[in-house]
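For reference, the structure discussed in these notes is given below.
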Amino acid sequence: MCIRDRYQRRVRGPKQPHHLRQSVAPSIMKCSVEPACSSRIQHISFNQQHQFFAVGTNTGFSIYSCEPFKLKQHQEFPSNGGIGVAEMLFQTNILALVGGGREPRWPPNEVKLWDVHQEKELGWLTFKHEVKNVKMRRDIVAAVLEESVVIHRFEDLSNKIQTVQTARNPKGICALSAGATSVMAIPGPEDGSICVLSVTENKQHIIRKAHDSPLAALAINLSATRIASASTTGTLIRVFDARSGKKLQELRRGMDYADICSLSFNHTSQWLCAASDKGTVHVFSCAESCLENNQTQPMAAPARQYDIPGAAPEEEPAANPKSSLAWFQGYLPIAMPKYFDSEWSFAQLQLPAMKRSCAFGSDGMSIFAVGEDGIFYHGSFNPHEGGPCDLLVKESLF
């Protein structure tokens, strides 16, 4: 089934009714009704530009803009309306939806491509097992199952590109690059390993023993040159060269166990944010590894070709703090624990304990966080001094 001509890409100008940034468009405003406060959140995901986020609830789905925070679209189904996955395609009128919750809208083994303007499905995919997550680009649709990832061509859903087997992946962990190169990071065949899949080149390689425990979160940068990962232990975050698999940085969230539920690079790859069930959103500097990576690997096409904003790199890269005892290990005849060599977060957005999804704003200094409690936070950090972030906005979704 060909759907290339059935959606509209971003077009500047007031005549484009499908574009989510056009707040006066009939397709956006006619359904903008406040959802019920009893709607339990099933899924949260930011779009590729981090300018909008979609929320799946027990009764339907909603789309919000981040800056300024505003409800842009809401659709509530009359009965059996649970949405377990809601994934946006950049700023188009297309969403990937999967039924979820106690009363799912559709069977949880089906992916629906949904037109938010026409309020109807454009196509669908059916699998033998439950779909845990969905990732999209303008060329592919990737359905994440518990032990595999199935990739189809976006313009022809009947055309399956490939199926990749993974370790058990109940959270549907998957990171898909939004730039020119179609690269995906997914759990590898063994727990703690990462499979880096180049869909464009039909190649893959495994980063073995990236962690000693199963993966909990993954992120890939815009240029598909770096991958960030965290395990179920939740203390360390590691940054790898996406092509060679070389470990570039080891970042420490803390010493105690935590469920790291979200990782995200900013659009220039200088910063990485991490959110866990402990509440604090940590911001790490990746500027040094970014410079090292750029010296050996060409970058992908500029972000502007993909409608993704990005700021110019800083002249002097900020550095993450280390333990005050790190200098001491050079004087000891034995190896010191990794604790003393790890990099700690550069800035922190202190929030109440709650699982959240996090992302950066277009200026690279803004942080967005949305939690299962239905609260949206917008914070900002000083890129030169770091430390505690300023909380700019706190809004309820419902």
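The values are calculated or read from the model by the stated rules, or taken from the named source; none is laboratory data. Keep in mind that this is a model prediction, so the values were computed, not measured. All Cβ positions, glycine included, derive from the backbone under ideal geometry; neighbour counts span all protein chains shown. SASA here: full protein model, heavy atoms, side chains in, ligands and nucleic acids out. Shrake-Rupley method; radii C 1.70, N 1.55, O 1.52, S 1.80 Å.
When the accessible area of segment 80-154 is computed with all protein chains present and a 1.4 Å probe, what percentage of it is carbon and sulfur?
Working: 1030 of 2530 Å².
C and S fraction of accessible area: 41 percent.
Which distance in Å, rounded to a whole number, links the C-alpha centroids of segment 45-85 and segment 240-283?
25
Based on the Cβ-Cβ distance of Gln118 and Glu76, what FRET efficiency does E = 1/(1 + (r/R0)^6) give at R0 = 22 Å, to the nearest 0.05? Intermediate values should be presented prior to the final figure.
Values: r = 17 Å, r/R0 = 0.75.
After rounding to 0.05, the efficiency reads 0.85.
Can you list, bin by bin at 5 Å, the percent of alpha carbon pairs in segment 217-274, starting at 0?
Final binned percentages: 4, 21, 32, 24, 14, 5, 0.
Measure off 7 Å from each Cα along the Cα-to-Cβ vector at Arg102 and Lys394, then give the distance between these two points in nanometres to one decimal.
For Arg102 paired with Lys394, the spin-label model returns 3.0 nm.
To the nearest 0.05, how large is the calculated FRET efficiency for Ser244 and Asn202 if R₀ is 22 Å and r is the Cβ-Cβ distance?
Numbers: r = 19 Å, r/R0 = 0.86.
The formula returns an efficiency of 0.70 here.
Using the Karplus curve 6.51 cos²θ - 1.76 cosθ + 1.60 with θ = phi - 60°, work out ³J(HN,Hα) for each residue of segment 67-83 in order, rounded to whole Hz, and write x for Gly and Pro.
For segment 67-83, the Karplus curve yields 9, x, 5, 6, 6, 9, 7, 9, 10, 10, 8, x, 8, 6, x, x, 10 Hz.
Using r as the Cβ-Cβ distance of Lys322 and Tyr257, and R0 as 22 Å, what FRET efficiency do you calculate, to the nearest 0.05? It would help to have the intermediate numbers written out before the result.
Values: r = 22 Å, r/R0 = 1.00.
Step by step, r from the Cβ atoms, then E = 0.50.
Would you mind checking which residues have amide H under 5 Å from Arg226's amide H? H placed 1.01 Å from N; only 5 or more apart, or other chain.
For Arg226, the qualifying residues are Asn221, Ala242.
For Ala217, enumerate residues with amide H under 5 Å from its amide H, sequence gap 5+ or separate chain, H modeled in the peptide plane.
Under 5 Å from the amide H of Ala217: Ala230.
According to a simple spin-label model (label point 7 Å from Cα along Cα-to-Cβ), what is the distance in nm between Gln350 and Asp277?
Calculated label separation equals 2.3 nm.
Using 5 Å bins from zero, what percent of all Cα-Cα pairs in segment 97-207 falls into each bin?
Spelled out per bin, shortest first, that is 2, 12, 22, 24, 20, 12, 6, 2, 0.
How many nm separate the modelled label positions at Glu372 and Glu155, each set 7 Å beyond the Cα in the direction of the Cβ?
Spacing of the two 7 Å Cα→Cβ label points: 4.1 nm.
Across bins of 5 angstrom width beginning at 0, how are the C-alpha pair distances of segment 53-116 distributed, in whole percent?
5, 19, 30, 25, 13, 6, 2, 0
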